[in-house]
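Quick note: the coordinates plus some simple rules give every number you see, no bench work behind them. Fair warning: this is a prediction, and the values are worked out from it, not measured in the lab. Cβ coordinates were reconstructed from backbone atoms using ideal geometry, including for glycine residues, and neighbour counts include every protein chain displayed.
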Amino acid sequence: MKILILGGTVFLGRHLVDAALARGHEVTLFHRGIHGKELFPEVEHVYGDRTKDLSALEGREWDAVIDTCGQHPKHVRSSARLLSQAVKHYTFISSISVYAEFPQPGMDETAPVGRLTPEQLASTENSATPSMEFYGQLKALCEEAAEEEMPGRVCNVRPGLIVGPYDVSDRFTYWPGRVARGGEIVAPGSPDNQIQFIDVRDLAEWVLHVAETGLTGVYNATGPAEVLTMQQLLEECKTVSGGDASFTWLDDDFLTRHEVGSWMEMPLWIPASEGMPGFLSTNIQRALNAGLTFRPLVTTIRDTLAWDRTRPPGERRTGLKPEREAELLAMKP
């Protein structure tokens, strides 16, 4: 197949390229040339800014396009409109953040998505990178824009937290790295809290399957297939690293009282007080039925840790700072 990837040089995109080449596909990358310009010299790079000018794609044809970087509906609409006569199938990488609320575990693709008022949408019109405040609502509008321009030929994929090598957000990477350093570790909430995420390579392989088979519709794409708890993740991290880590569980009330930030300061933790019990327990049966599979958790942890150790030393984007963790441990009940 001839596949056009919008983006393709940062995280999910580079794994998509690796997987596509391994499967024998011919790949074209359309990106700004800001990140990863030196990657994949064996594939065609077409340079342009999708927010301003798509003319470099005019007059071309591919079998499928995978849009990894659409964040605003006007940009997705422009690309889908231009490519509607150039490709057979459009895969849009959306997010489970499209949902308006997460009131209970097990929410599926029929749950209501978030909406913007006309005034809120207008406030995003002049920004190349819209505010994260409306991230989910804009992704929902992007899905609709793609489907309106290419009806019946679009697959909207809604991943949860994407993890693995080259994930510089550190929202998962923090845990393998912290456990490997050993010592007493603050473990958040309850040991049996369910968590979800998807290895970027599993997502990439399945997205290519989507493009290859022309799958359409909407799919939640996170994992694993069975329930995974925070305790299981931490114990697997310890097994992989072989260190002397010990876990001190501090509950929601304690962490909230001491103003620990959820998700970013304390990755994979969302206290019950935030009213989002379904965010890390989304129903993925539809994607499983459509062929989504997962590699062992130990593989994700091992490979993420190996990649993290190649990075320069210094602070990461997320996770407790050592002095903050020591402070919390000193105050533990």
Item checked: Residue identified as surrounded by 20 or more Cβ atoms within 10 Å (Cβ to Cβ), over 26 Å from the mean Cα position of the chain (by Cα) and closer than 14 Å to Pro191 by Cβ among Leu250, Leu234 -> Leu250
Next item on the list: Looking for whichever is among the aliphatic types (A, V, I, L, M), touching a Lys or Arg at 6+ places or on another chain (Cβ under 7 Å) and crowded, with 18+ Cβ neighbours inside 10 Å here; the options are Leu16, Leu57, Leu29, Leu6. Which one fits?
Entry: Leu6
Check: Among the residues of the stretch 45-77, which ones are closer than 20 Å to Ile34 by Cβ and basic (Lys, Arg)?
Finding: Arg50, Lys52
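Taking the residues in the stretch 80-93 that are aliphatic (A, V, I, L, M) and outside any loop (DSSP other than H, G, I, E, B) as candidates, determine which candidate is nearest to Ala211 (Cα to Cα).
First pass over the stretch 80-93, keeping only residues aliphatic (A, V, I, L, M): 80, 82-83, 86-87, 93.
With the extra rule that they be outside any loop (DSSP other than H, G, I, E, B), the set shrinks to 80, 82-83, 93.
Values: Ala80: 15, Leu82: 18, Leu83: 15, Ile93: 12 Å.
Here the residue is Ile93.
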Notebook entry, point to check: Which number in (1) in contact with a Lys or Arg (Cβ under 7 Å, 6 or more places away or on another chain); (2) of a type in the set (A, V, I, L, M, F, W, C); (3) closer than 18 Å to Ala221 by Cβ marks the one condition that Ala140 misses?
Noted result: (1)
Notebook entry, point to check: Taking the stretch 61-79, which residues are assigned to a loop (DSSP other than H, G, I, E, B) and under 15 Å from Glu149 (Cα atoms)?
Noted result: Gly70, His72
Notebook entry, point to check: For residues in the stretch 201-231 being assigned to a loop (DSSP other than H, G, I, E, B) and not small (Gly, Ala, Ser), which is surrounded by the most Cβ atoms within 10 Å (Cβ to Cβ)?
Noted result: Thr222
